[in-house]
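The values are calculated or read from the model by the stated rules, or taken from the named source; none is laboratory data. These numbers come from a predicted model, not from an experiment. Note: ideal-geometry Cβ built from the backbone for every residue, glycine included; neighbour counts use all protein chains shown. For accessibility, only protein heavy atoms count, side chains too; no ligands or nucleic acids. Shrake-Rupley method; radii C 1.70, N 1.55, O 1.52, S 1.80 Å.
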Amino acid sequence: MARQKKIKLTIDDREIQVAPGTTIMAAAETLGIHIPRLCFHPELSLQGSCRVCIVEVEGMDFFMAACSVEVWPDMRVQTHSEEIRRARRDIVELLLDNHPRECQLCERDGRCELQNLAYAFGVRERLFEGERKRFPVEDNGLSVVRDSEKCVLCGRCVRVCAEVQGVANLSQHGRGFTTAVHPAHGRDMDDSVCIQCGQCINACPTAAFLEQPHTEAVWQALADPEIHVVAQTAPSIRAAIGEGFDLDPGTACTGRMVTALRRLGFDAVFDTDLGADLTIMEEATEFTERLKGKGPLPMLTSCSPGWINFLEKFYPQLIPHASTCRSPMTMLSVLGKTYYAEKLDLDPEKIFMVAVMPCVAKKYEIARPEHRMDSGAPYTDAVLTTRELVWMIKCHGIDFISLDHGEFDPPLGVATGAGDIFGTTGGVMEATLRTAAEWLTGETADKLEFTEVRAVEGRREVELQIGGRTLRVGVANGLVNARLLLEQAISGDRKFDAIEVMACPGGCIGGGGQPYPGSRFRILDPELLALRAGALYAEDRVREFRRSHQNPALQAIYRQFLGKPGGRKAKKLLHTEYQAKLPRGIQ
Ligand code: FES
């Protein structure tokens, strides 16, 4: 193929040569020049609406958007002239004029991109005093709160919902002051095709989308001496919580996180990794049975609640393919209110289970009637996102960085490396294969790490030889990628025995409840996700046990309480069912 001739141009009086098709913004970056931006996101399509990235181009009588204009030969660009500085400041001042004056009360205070731009451009006072858009806050959602007054109409939520998740639930409606982003027909989020993943929260530069907070319920439980308050933390929390305290991404903070939860007053701190090991025991049992012809293939994993919502709303015909296993979080909460309650002679109604999750869809999951006890009380009482836990730790005056490295409490805090890797893409499949390989062959397998299924790029289709048979597996994160695998399976273009789907990009490490990235990274940044995943693989490598079926605490729980994997009691307590769900009026 003929090499394309590079384009020569000048940016801020420095000459540069770049490939045809390069935008001014990308060309400037190769010179180390950062052009401010708001609506632009490298992982999403171009919108070009905010104009924060305007630059001066010689010979043009208007400013041009650096994010969307491609370079041309001999172009001369000024990115930070006095005119540009003033114009950008005016743009931000106009955005602020139409924005609530409540930065000090806003959850994104200090992590808001609009606030950062205002600081960077020297906006120190409100120059414009005019009419401002007014909307009620939609705060009745189980997972997501929507506040259109804080929306800057950058469209990042609209694009992430359509382009990364394939849901396309959000779009811009109205004109002028009535313009707002919301689901079609003015529906509430919970009454729409929203799958509750929370990627709109991550993508939002301000606080137009936030998680439904559960912190107040947790404070109240912690303050009540009659209540036994238990925390469980998902694998990916340890890989990301440090970012909330300005530690480098990829710093595993397992021990400090456990100590912080104890300081907050939790009576016991358990590890959702044990719930993941338990999921593998049940799921590997289910998978080996289905391979013998007792159930439909491909088997679809079921631990990501955003994915389950997507399945129920967009692919109800595939519901029989989904593993019936509850999620690791719910399995652990079930054990907390049954096995653990019996062991300590506690009234399950006096146990308050708090799950710290990377995922806002977990807040929706705990409200599902299937995940309630016979009494009607939920197995999981509250879900805190990583961000909410960071705030609670700060609120309690805990110096997270200097904390000792605590240990999870037995027995529900004893886990294997297979549980750790659940937090990243391919982890559920790899953990299943670690156990299934031994169960299918009846021998101790040499192979432990199935790196082939670590789908860092978003989607993988792999064939593996195990026990004399070929296993065809697919792994997808981000629901656009999932759609591609599911459509192939439906059309018969490709045969799969099992498909792992994680709703969020990168898996739980990229969940909708993880810390907002600091200045070095943006959401969906593959480098950030790789650093978080690396922390989990490092934890896995130093574990005494790395296969779920080797977990000694779990072996004791099956012996003393559950019976055998996939047995009657395990089925009753650890499995669930799904239903086709369509928004009101579409059934
Ligand atoms: Fe270029 Fe918004 S970042 S127009």
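Looking only at residues in the stretch 25-45 that are among the small types (G, A, S) and open to solvent by 10 Å² or more (accessible area, probe 1.4 Å), which one is farthest from the ligand (Cβ to nearest atom)?
G32
Considering (1) open to solvent by 10 Å² or more (accessible area, probe 1.4 Å); (2) in contact with a Lys or Arg (Cβ under 6 Å, 6 or more places away or on another chain); (3) within 24 Å of A361 (Cβ to Cβ), say which one E487 fails and leave the rest.
Condition not satisfied by E487: (2).
Would you pick out the residues in the stretch 15-24 that are on the phi < 0 side of the Ramachandran plot and away from the ligand (no atom under 11 Å from the Cβ)?
E15, I16, Q17, V18, A19, P20, T22 - these are the residues of the stretch 15-24 that are on the phi < 0 side of the Ramachandran plot and away from the ligand (no atom under 11 Å from the Cβ).
Quick one: in the stretch 50-65, of everything that is more than 6 Å from the ligand (Cβ to nearest atom) and not in a strand (DSSP E or B), which residue is surrounded by the most Cβ atoms within 10 Å (Cβ to Cβ)?
Among residues in the stretch 50-65 that are more than 6 Å from the ligand (Cβ to nearest atom) and not in a strand (DSSP E or B), the one surrounded by the most Cβ atoms within 10 Å (Cβ to Cβ) is F63.
For residues in the stretch 89-101 being in contact (Cβ under 8 Å) with a residue 12 or more places away in the chain and assigned to a helix (DSSP H, G or I), which is farthest from the ligand (Cβ to nearest atom)?
Filtering first and then ranking leaves D97.
Looking at the stretch 299-318, which of its residues are out of contact with any Lys or Arg (no Cβ under 7 Å at 6 or more places or on another chain) and outside any loop (DSSP other than H, G, I, E, B)?
Across the stretch 299-318, the qualifying residues are L300, G306, W307, I308, N309, F310, L311, F314, P316, Q317, L318.
Which members of the stretch 402-451 meet the condition of being of a type in the set (D, E) and open to solvent by less than 10 Å² (accessible area, probe 1.4 Å)?
D420, E430
Tell me which residues, restricted to the stretch 105-136, are closer than 22 Å to F177 by Cβ and open to solvent by 70 Å² or more (accessible area, probe 1.4 Å).
Those that are closer than 22 Å to F177 by Cβ and open to solvent by 70 Å² or more (accessible area, probe 1.4 Å): R126, L127, F128, E129, E131, R134, P136.
For residues that are among the aromatic types (F, W, Y) and part of a loop (DSSP other than H, G, I, E, B), scanning just the stretch 534-587, find the one that is nearest to E449 (Cα to Cα).
F545
Would you mind stating whether L471 is over 19 Å from I237 (Cβ atoms), in a helix (DSSP H, G or I) and touching a strand residue (DSSP E or B) at 6+ places or on another chain (Cβ under 8 Å)?
Considered against the rule, which asks whether it is over 19 Å from I237 (Cβ atoms), in a helix (DSSP H, G or I) and touching a strand residue (DSSP E or B) at 6+ places or on another chain (Cβ under 8 Å), L471 comes out as no.
Would you confirm whether any residue within the stretch 238-245 is aromatic (F, W, Y) and open to solvent by less than 10 Å² (accessible area, probe 1.4 Å)?
no
Can you name every residue in the stretch 186-200 that is open to solvent by less than 10 Å² (accessible area, probe 1.4 Å) and within 10 Å of the chain's Cα centre (by Cα)?
Matches in the stretch 186-200: G198, Q199.
Considering A203, A168, which residue is over 30 Å from D409 (Cβ atoms), at pLDDT 95 or above and in contact with a Lys or Arg (Cβ under 9 Å, 6 or more places away or on another chain)?
Of the residues listed, the single one that is over 30 Å from D409 (Cβ atoms), at pLDDT 95 or above and in contact with a Lys or Arg (Cβ under 9 Å, 6 or more places away or on another chain) is A203.
Does the stretch 66-88 hold any residues that are open to solvent by less than 30 Å² (accessible area, probe 1.4 Å), of a type outside the set (V, I, T), closer than 16 Å to T23 by Cα and within 15 Å of the ligand (Cβ to nearest atom), and which are they?
Passing the criteria: A66, C67.
Mind telling me which of the residues L484, L433, L440, L448 ends up being outside any helix (DSSP H, G or I) and not basic (K, R)?
The conditions single out L448.
Would you tally the residues in the stretch 222-237 being outside any loop (DSSP other than H, G, I, E, B) and open to solvent by 10 Å² or more (accessible area, probe 1.4 Å)?
3
If I ask for residues that are open to solvent by 20 Å² or more (accessible area, probe 1.4 Å) and not in a loop (DSSP other than H, G, I, E, B), which ones from the stretch 246-258 would you list?
Of everything in the stretch 246-258, those that are open to solvent by 20 Å² or more (accessible area, probe 1.4 Å) and not in a loop (DSSP other than H, G, I, E, B) turn out to be T254, R256.
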